[in-house]
Amino acid sequence: MTERKQFRAIKGTRDILPPDSSLWNWFEQGARDVFESYNYREIRLPIFEETELFSRSVGLETEVVSKEMYTFNPDENPFTPQYGKLEHELFVAGATYSLRPEATASVCRAYIEHGMHTLPGNVKLYYMGPMFRRERPQKGRYRQFYQIGAEVLGQSDAPAIDAELIEMLMVFFARVGLTKTTLYVNSIGDKNCRPAYVERLREELRKVKDQLRDDSQRRIETNPLRVLDSKLPEEQPIIEKLPRIAEHLCDACREHFAKLKDELKLRRIGYEENWRLVRGLDYYTRTTFEVIAEGLGSQNAVCGGGRYDGLVKLLSGPPTKGIGFAIGSDRSILSIQEGGAAPKLGGLSVFIAWMGEAAYLGGVGIARKLRAAGLSVELPPEEMKFKKALGLADKLGARYALILGEDEITAGKFTLKNMADGAQRKYSEGQLLEYLESERRGSG
Ligand code: AMP
């Protein structure tokens, strides 16, 4: 027989195994609980969309779209030529499809497609799931990574919407123990004031062009705001001297930003202003924000967000105001783990050590009742000597072992051993259920 290769997860993707997966579920459940308490509801979206949705919304000029998307062309699938006809019926002719690099575009597409602008009030949505970008993998940066996002779409751009969204984000981070964070906020103006600022910036940048590196030099013409994103040490002194957007905001934008900051104070949300926090895309307006966390090295941003009042219209929908954020789950969870704030979760409650056929029959019934009461129960499929069974219970981290032998079944009394201190007590079935349930409530 020829040697066959073993498969490994593709670079930049990874498996999330137990017990980490419990932490992930707890993290995601925390988001659900907090977001629902702010009256946000979940939207589940497809993982692939027409490429054009992303190129039009995220922007052709961005690295995410120009370099990092996983795109496929149904007309050129070498593996399934027999499906060619079906592909043509299902898909738009000539179109290509991409794995989503982010989800705001999909949310807006869905908002338009389902006429959600006719719904009462603001539409408040959240989503969670994998995103795909062909980036260079490193710690905290993957090609398949996970985001949890929230968006508010509607007719209003009241600063209270922005502030409540940010409050919700910080309440969530506090709930999951991500407290060593910094929230940065900024306003990047709107179509009335930003173009003039961008022109000023471009003029100033042209004057210092020779001192900038290639990327920044190119951006002077294509998208000068992006120069402010530069992390290159040698460019920092130059950038510090550039004109700042805050001094160029129109009255309406300045007032919006001032009110946002008042609202954040009202809600006791600590923040720092960061004039360099820009989103280099035309449809972004006014509020931008970012949260960074400790212990992550260079990839320390755990959330990015901002207003995008022009986006729905750009996607051929009705004029609509919008704001949202995307939390990076991978990095947030990494930071929680490294900060030592990860809770000890769930685990196995009861291991049923049984010997003899009658004990097994009794064990099956008891296991079902305990599981129905919300406990995690392991009932070994094959008989084991008590000593071996208790050894396995210990290795599996069970909190209790329930000892079932012929005698226990006959007497209707079961021995429960606390694995932490070795204490044993006998219970009737009713008492056992009652005791373990109260334990579960106490520990959960
Ligand atoms: P963005 O959509 O680029 O604003 O990203 C929002 C958040 O998603 C970032 O703050 C990161 O926490 C996370 N993120 C973005 N790209 C990656 C990646 N390649 N790997 C892991 N997390 C990422």
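Coordinate-derived values only; no laboratory data. Bear in mind that the values here come from a model prediction, so they are computed numbers and not experimental data. Methodologically, a virtual Cβ is constructed for each residue, glycine included, from the backbone with ideal geometry; neighbour enumeration extends over all protein chains shown.
What are the extents of the Cα atoms of the range 184-304 along their three principal axes, in Å, largest first?
Extents along the principal axes: 46, 39, 24 Å.
Testing the spin-label approximation: label points 7 Å from Cα along Cα→Cβ at ASP407 and LEU361. State their distance in nm.
2.1
What value, in deg cm²/dmol to 500, does the helix sum -39500 (n - 2.57) over DSSP H runs of n ≥ 4 give at 222 nm once divided by the residues of the chain? List each step's numbers first, then the result.
Numbers: 16 runs with 165 residues, N = 444.
That comes out to -11000 deg cm²/dmol.
Which value, in Å to one decimal place, does the Kirkwood hydrodynamic radius take for the range 153-232 when every pair of different Cα atoms is included?
On the way: mean 1/r = 0.0635 Å⁻¹.
About 15.7 Å, per the Kirkwood formula over Cα pairs.
Could you pull out the longest piece of the chain with no exposed loop chymotrypsin sites (Phe, Trp or Tyr not before Pro) in it, calling a site exposed if DSSP puts it outside H, G, I, E, B and it has at most 11 other Cβ atoms within 10 Å? If you can, show how the numbers build up before the last one.
Numbers: sites that count: PHE7, PHE79.
It works out to 80-444.
Go ahead and collect, in residue order, the members of the range 117-153 whose backbone nitrogen is under 16 Å from a label point 7 Å along the Cα-Cβ direction of TRP24.
What the label zone holds, given the 16 Å backbone N cut-off, is 128-133, 140-149.
With θ set to phi - 60°, apply the Karplus curve 6.51 cos²θ - 1.76 cosθ + 1.60 along the range 307-313 and write out the HN-Hα couplings as whole Hz, x wherever there is a Gly or Pro.
7, 9, 4, x, 5, 4, 5
Nearest 10 degrees, 0 to 90: what angle lies between the long axis of helix 159-175 and the longest principal axis of the chain (Cα atoms)?
30
Please give the helix 20-37 orientation as an angle from the longest Cα principal axis of the chain, in degrees from 0 to 90, rounded to the nearest 10.
Taking Cα atoms only, the helix is inclined about 60 degrees.
Under 10 Å, Cα contacts only: if you run a Gaussian network model on the chain, which one of PRO237, PRO319, PRO381 comes out with the highest mean-square fluctuation?
PRO381
Could you list, by residue number, the cysteines of the chain that have no other cysteine's beta carbon within less than 4.7 Å of their beta carbon?
Unpaired cysteines in the chain: CYS108, CYS253, CYS303.
At R0 = 35 Å, how high is the FRET efficiency between ARG218 and ALA95 if r is their beta carbon distance? Nearest 0.05 is fine.
Details: r = 30 Å, r/R0 = 0.85.
After rounding, the FRET efficiency stands at 0.75.
Please report the orientation-averaged projected area of the chain, defined via the convex hull of its C-alpha atoms, in nm².
Values: hull surface 122.2 nm².
Directional mean of the projected Cα hull area for the chain stands at 30.6 nm².
Taking the 0 to 90 degree range and rounding to the nearest ten, how far is the long axis of helix 329-338 tilted relative to the main principal axis of the chain, both from C-alpha atoms?
60
Which three numbers, in whole Å and largest first, are the semi-axes of the equivalent ellipsoid of the range 344-401 derived from its Cα gyration tensor as √(5λ)? Walk me through the numbers before you get to the answer.
Numbers: eigenvalues 67, 49, 7 Å².
One finds semi-axes of 18, 16, 6 Å for the range 344-401.
Please report the net charge: other residues with Cβ closer than 10 Å to the Cβ of VAL278, K and R +1, D and E -1. Intermediate values should be presented prior to the final figure.
Working: positive: ARG194, ARG226, ARG276, ARG279; negative: ASP229.
Charge balance near VAL278 sits at +3.
How big is D for the range 261-371, in µm² s⁻¹ as a whole number, if Stokes-Einstein is applied with the Kirkwood radius of its Cα pairs at 25 °C and 0.890 mPa s?
Values: Rh = 19.1 Å.
Rounded to a whole number, D works out at 129 µm²/s.
Of LYS180/LYS259; LYS11/LYS313; LYS180/LYS209; LYS67/LYS259; LYS261/LYS313, which sit over 32 Å apart, Cα to Cα?
On the way: LYS180/LYS259 26 Å; LYS11/LYS313 37 Å; LYS180/LYS209 38 Å; LYS67/LYS259 38 Å; LYS261/LYS313 28 Å.
LYS11/LYS313; LYS180/LYS209; LYS67/LYS259, as the Cα separations exceed 32 Å there.
How large are Rg and Dmax for the range 194-248 when calculated on the C-alpha trace, in angstrom?
Computed over the Cα atoms of the range 194-248, radius of gyration and Dmax are 10.1, 28 Å.
Summarise the long-distance tail of P(r) for the range 350-443 by giving the % of C-alpha pairs beyond 16 Å.
On the way: 2130 of 4371 pairs.
So the pairs more than 16 Å apart make up 49 percent of the total in the range 350-443.
Would you please name the trypsin sites (Lys or Arg not before Pro) within the range 363-403 that are DSSP coil residues with at most 10 other C-beta atoms within 10 Å of their C-beta?
On the way: sites: ARG368, LYS369, ARG371, LYS385, LYS387, LYS388, LYS395, ARG399; in loops: LYS385, ARG399.
Of the trypsin sites (Lys or Arg not before Pro), the ones in loops of the range 363-403 whose Cβ has at most 10 other Cβ atoms within 10 Å are LYS385.
DSSP loop GluC sites (Glu not before Pro) in the range 335-444 with at most 12 other Cβ atoms within 10 Å of their Cβ, which ones?
Numbers: sites: GLU338, GLU357, GLU378, GLU382, GLU383, GLU406, GLU408, GLU429, GLU434, GLU437, GLU439; in loops: GLU382, GLU383.
Answer by residue number: GLU382.
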